[in-house]
1. Tell me, what is the Rg over Rh of the stretch 99-144, with Rh the Kirkwood radius over Cα pairs?
2. Over the heavy atoms of residue 162, what accessible area does a 1.4 Å probe trace out, to the nearest 10 Å²?
3. In terms of modelled amide H atoms, which long-range or inter-chain residues lie less than 5 Å from the amide H of residue 67?
4. Output the 0 to 90 degree angle, nearest 10, between the alpha-carbon long axis of helix 103-154 and the longest principal axis computed from the alpha carbons of the chain.
5. Using the per-residue mean of other Cβ atoms lying within 10 Å as a proxy for protection, in what order, highest first, do the peptides 104-112, 79-87 fall?
6. Select one label from (1) 1.11; (2) 2.18; (3) 1.02: the one whose number is Cα Rg over 2.2 N^0.38 Å as derived from the coordinates shown.
7. Have a look at 46, 81, 127 and report the one farthest towards the positive end of the charge dipole of the chain, computed about the Cα centre with Cβ charges (Lys/Arg +1, Asp/Glu -1).
8. FRET efficiency for residue 19 and residue 120, Cβ-Cβ distance as r, R0 = 35 Å, nearest 0.05?
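The values are calculated or read from the model by the stated rules, or taken from the named source; none is laboratory data. What you are looking at is a predicted structure, and each value in this text was computed from that prediction instead of being measured. Note that we place each Cβ from the backbone using ideal geometry, even for glycine, and neighbour counts take in every protein chain shown. These accessible areas exclude ligands, DNA and RNA; they are computed on the full protein's heavy atoms, side chains included. Shrake-Rupley method; radii C 1.70, N 1.55, O 1.52, S 1.80 Å.
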Amino acid sequence: NFIPMLVTRDDGALDKLVKEQGKEIAVRITVIAADGHVLADSQGDPRQMENHADRPEFILAMQGKPAEFSRLSSTLRRTMLYQAVFIRNEGRILGVLRLSQFVETIEQMFMPTRRKINFMLAVIMFLAMAVAFLYARYLTDPIKRLTLAAHQVAGGDFSPRVRINRRDELR
């Protein structure tokens, strides 16, 4: 629970807790004061970090809106997905809790699902092409037989008989 540490401004204990929780859940956690000052970060030294008051997820979270952005981290120099919510105690906003994860890590988590989807799409495409091929043969085979018979009749051979088992215009 971050709130008691935020209220008492025990930044050292807060940073320690955030680092432990960040390792446990494998997500970067950042606690930001209402003025944008970084109080704790699970992957960096908050004293070395710049003010986050201008970050879009911080601004929206301070307004009480859900915040989710994907952008380049100025601290880690990698693209990250950020989600942020405000922290409130007794009606007063104390700051923002921000969770972030590398976009490539999220993409790796979805890779097995993507492979399954791609495989299923390939199977469906193959089946659709097979059905289309068989249907095209069903449509064109009687026409080919009629054409062959017409050539034989045009050549003077009146013996060909074409049997068509369908009940449509070709019959």
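1. Working: Rg = 19.9 Å, Rh = 13.6 Å.
Over the Cα atoms of the stretch 99-144, Rg/Rh equals 1.46.
2. Using a 1.4 Å probe on the heavy atoms, I get roughly 50 Å².
3. 84
4. The answer is roughly 10 degrees.
5. On the way: 104-112: 10.4, 79-87: 18.1.
In decreasing order of mean packing, 104-112, 79-87 become 79-87, 104-112.
6. Here Cα Rg over 2.2 N^0.38 Å agrees with entry (2).
7. 127
8. On the way: r = 42 Å, r/R0 = 1.19.
My answer for the efficiency is 0.25.
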